[in-house]
Each structure stands twice: as C-alpha cells, then as structure tokens.
1. If you filter segment 1-67 for trypsin sites (Lys or Arg not before Pro), then keep DSSP loop positions with at most 16 other Cβ within 10 Å, what is left?
2. Provide His70, His122 ordered by accessible surface of protein heavy atoms (probe 1.4 Å), highest first.
3. What do the square roots of 5 times the Cα gyration tensor eigenvalues come to for segment 1-50, in whole Å, largest first, as semi-axes of the equivalent ellipsoid?
4. How do Val48, Val16 stack up against each other in accessible area, from largest to smallest, with a 1.4 angstrom probe?
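The values are calculated or read from the model by the stated rules, or taken from the named source; none is laboratory data. Only a predicted model underlies this, so the values are computations on that prediction, with no experimental measurement involved. Virtual Cβ from ideal backbone geometry, glycine too; neighbours counted across all protein chains shown. Only protein heavy atoms, including side chains, enter the accessible area calculation; ligands, DNA and RNA are left aside. Shrake-Rupley method; radii C 1.70, N 1.55, O 1.52, S 1.80 Å.
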Amino acid sequence: MRAVLDYCTGGIQRSVSSGALVIQEGGTTGHLYVLIEGRLEVIKGDTVVAIMTEPGAVLGEMSVLLDQPHTATVRAASDSTIYEISDAASFLHQQPAVALLIARLLAQRLNVATTYLADIMHQYAGHGDHLAMVGEILQSMINLPPLTVSPGSDRQSDPRI
C-alpha cells in the first residue's frame, strides 16, 4: 500500500504519540488516515486484531465507504506519523487510483476471510454447534443487500439454540 503515499502529498500530516487514539470504535469522523511511519494497533472490543507498520496502510476506509461508524479502535503503539484526510469521500472521488487500491485491499481481506470461514465450515460440518453458523455468515457476505451479521463470541450463547 506504499503507493497510496504518492497521492497524499500536501495532505495534513499529524504526529501521534504512543498510546494516543487515532480512531475510536463507534465514532464517526468521515476521515481517512494513512500511516506514514510508526506502529498502530487495530483493536476490536478489547482485543488487538492487527498491527499496522507498513507505510501507506489505510485506516478508516470501511467507515467512509459504508457511511457507518468506525468498526474498530486504532491506537498508536509507538510514536507515529499519519496523513489525515478530512473529506475522505471527496478525496476518493478525486483520486480514483487510491479508491482502486483500497478496493483491492478489501478484496484481499474478503478472500482471506471467506477462505478461512470455508475451511472452518468444512472442518466442522455436521457438528451442529455454534461453528455451524459459519455457512450463514458466508452466505450473508455474498447476499445483496448486505445483511447485518452479529456472530457474538464464545462467551455469548447462541440464541438459536
């Protein structure tokens, strides 16, 4: 994603101190963020789900593209520098190459997720436990319009049982 940096020149550079929040889960900003240098943690609930260190890594894209609140918190794991693009929707319209790079990134993520879920579905076929809902999740990822999926966690009971 380093190529994204070429399109951000002239953007607002922001220094983020270690421990500071860039994005708050559930908040809405309409902003897109691009990592220039440093280390950022993506946190869902209270679990770190990803570490971002690659210059050009994009943050906030799901919220912007879906016009919904942020789905995760992003916190600086070290002193970092980012570009902050305040009118992300306009930026993506003006920079279709960046929109295409983000589309490819999202397609890669979807491919990894569906491959993983299909593998789980295959491994646990016929078990009838909470993992049996993987097929429903895969189907909901394909159906249009998008369905709301709330898979919960192992700590929450499945209301269908």
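1. Arg39
2. His122, His70
3. Semi-axes from the Cα gyration tensor: 21, 13, 11 Å.
4. Result, largest first: Val48, Val16.
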